[in-house]
1. How big is the Rg/Rh ratio for segment 353-486, C-alpha atoms only, Rh by Kirkwood, two decimals?
2. Could the peptides 48-57, 189-198, 371-380, 440-449 be put in order, highest first, of the mean number of other beta-carbon atoms found within 10 Å of their residues?
3. Given q = 0.19 Å⁻¹, what are the Debye log10 I(q)/I(0) values for segment 35-156, with equal point scatterers placed on the Cα positions and solvent ignored?
4. How much length, in nm to one decimal, is gained on full extension between S380 and S266, taken as 0.36 nm per residue of separation minus their Cα-Cα distance?
5. Angle check, please: helix 382-395 long axis (alpha carbons) against the longest principal axis of the chain (alpha carbons), in degrees 0 to 90, nearest 10.
6. Leaving ligands and nucleic acids out of the surface, order D386, D169, D346 by accessible area at 1.4 Å, largest first.
7. Based on the alpha carbons, how large is the Rg to Rh ratio for the chain when Rh follows Kirkwood?
8. If the convex hull of the alpha-carbon atoms of segment 368-428 is projected onto planes in all directions, what is the mean projected area in square nanometres?
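The values are calculated or read from the model by the stated rules, or taken from the named source; none is laboratory data. Keep in mind the model is a prediction, meaning the values are calculated, not measured. Glycine also receives a Cβ, built like all others from the backbone with ideal geometry; neighbour counts cover every protein chain displayed. In case anyone asks, the SASA skips ligands and DNA or RNA and just uses the protein heavy atoms, side chains included. Shrake-Rupley method; radii C 1.70, N 1.55, O 1.52, S 1.80 Å.
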Amino acid sequence: MGDFNSNLNDPSQGEALTTSDKSSKARKSDPQSLDLFNGPIALTTLKLGIPILISQSVLFAHMMVDTFFISLIDRNSTALLSGTGLVYSIYLIIYYISCSLFMATSSVTARGLGQKNEVLIKRTGDTGLLLASVISVITLVVCSIFGRNIIEHLAGSKMSTEAIQYGVDYLYYMIPGMLFQLLMTTIGGILQGEGKAKEIGIAVTASTIINIILNPILIFGFNMGVKGSALATSISVGLTVVYYLSFFVRGKTTIQIQGKIFAPDSKIIKEILYIGIPASIGFLLINTATMILNNVVGSISEASMNAWVLVSRTDQMFLIPAFAIGLSTIPMIGQNFGGENFKRCDKIFSTNIKICMISGLVLAALYMLFAPQIFQQFSSVQDVIDNSVRQVRLLTLTSIGLAGIIVTSFAFQAIGKPMPNLVSDALRMLITSFPVLLPLLHFPIKNMNLIFIFFGSGNLIAFLLLYLWAKREFIKLKNKPTTTEA
């Protein structure tokens, strides 16, 4: 936001520092922290990224544990995963809004800490919690009143009544988890902006272990079925919120939560919304495309929908390194941007995008090679397994573009520029959801081929646009004079 950085340098808003003072004092404030200002970039990314990689891997295990235990209810059923997969689209809306709050609070935190702004240190926590609480109330009301109608609307014409009912049951027990998700990611964004990746990793790992323990107990021990899986997730995410809050209560963070959520700072609200709203819109556009495609796929066959849901979940494994690199990029670029170390910002982006592409290629090869063994663990229906393997082998290489989008979008968020991400997301949404228009143009969709073509094209084209835009922006930033130079 144009006036945010100038406000941070205003003595009336906090301590004003020169560029060199910002860097040195930021480093001295926590002698155990990584040197984000002068340390080797690849090594710093690795040190920040490994805890995130572990936490994201555990988070992926969390999701796959749910899928695995649900599949054990009836290995020959396509209704179970197809029905609960409908809820996944709703959950993604909340998840993406949560991610927007995460990126906004981590960006504001990182840039503010780079400039040592006292007002921001004291008020960001309460302000972020207020926004998360408002969205939580809205989510609770909408899902409680309109949950069944939403599930029925998302289901395609080939979806059975049984599958729809599974979706409804799963949704209602996931509502508490979605509310906790909003609070968890907002608080987690503050921790990430401070560079506390280790603490986040511990929390996510503990949450997943709790989920793994509770899933079979609630699903089979209490005979709750899909409701038990959703409740296990809600409980585990809720406990993570409690763990995160304990850091602030014990004074282990620089950013503070003072319990004054109804007395927020208007400038911080504006900055969080400036970053968060475009990110939310972009995420919602992508999720809208996903919902549209779910309806189209569900109209082809329930087996196709089952495979589509399975691959959408296992694809998250492929994107884990991208999220780890991207989340590492926020404090690295954000704090250097706040400290006006603009040339290093450009170097960080270039280095991290290269790491992303290399790791993506390696993981893509492994994913395609072991796809049959992966999907045999979740279904005994051969049609579902074959469709899943085919989708992975046709689309995985294009998903490297999606990995690049993730890292590049985090880099833009770190410097407080959310609009390029919104444009890229809108373009990707238009391309990937185009198949829904084909029947209107007298091109009936009888199989998954056209969906695969447009889905893969959307990943690659959107990445190319966003990457070129980012390179141009960081080159301009590299040549920008600092406050002291001006």
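1. Using Cα coordinates only, the ratio equals 1.11.
2. Values: 48-57: 21.7, 189-198: 25.0, 371-380: 16.6, 440-449: 10.6.
Per-residue mean Cβ counts within 10 Å order the peptides as 189-198, 48-57, 371-380, 440-449.
3. Relative scattering, expressed as log10 I(q)/I(0), comes to -1.18.
4. On the way: separation 114, 0.36 × 114 = 41.04 nm, distance 5.50 nm.
Length gained, S380 through S266: 35.5 nm.
5. Roughly 30 degrees, rounded to the nearest 10.
6. On the way: D386 80, D169 35, D346 15 Å².
My answer, sorted largest first, is D386, D169, D346.
7. Ratio of gyration radius to Kirkwood radius: 0.97.
8. Values: hull surface 21.8 nm².
So the Cα hull casts an average projection of 5.4 nm².
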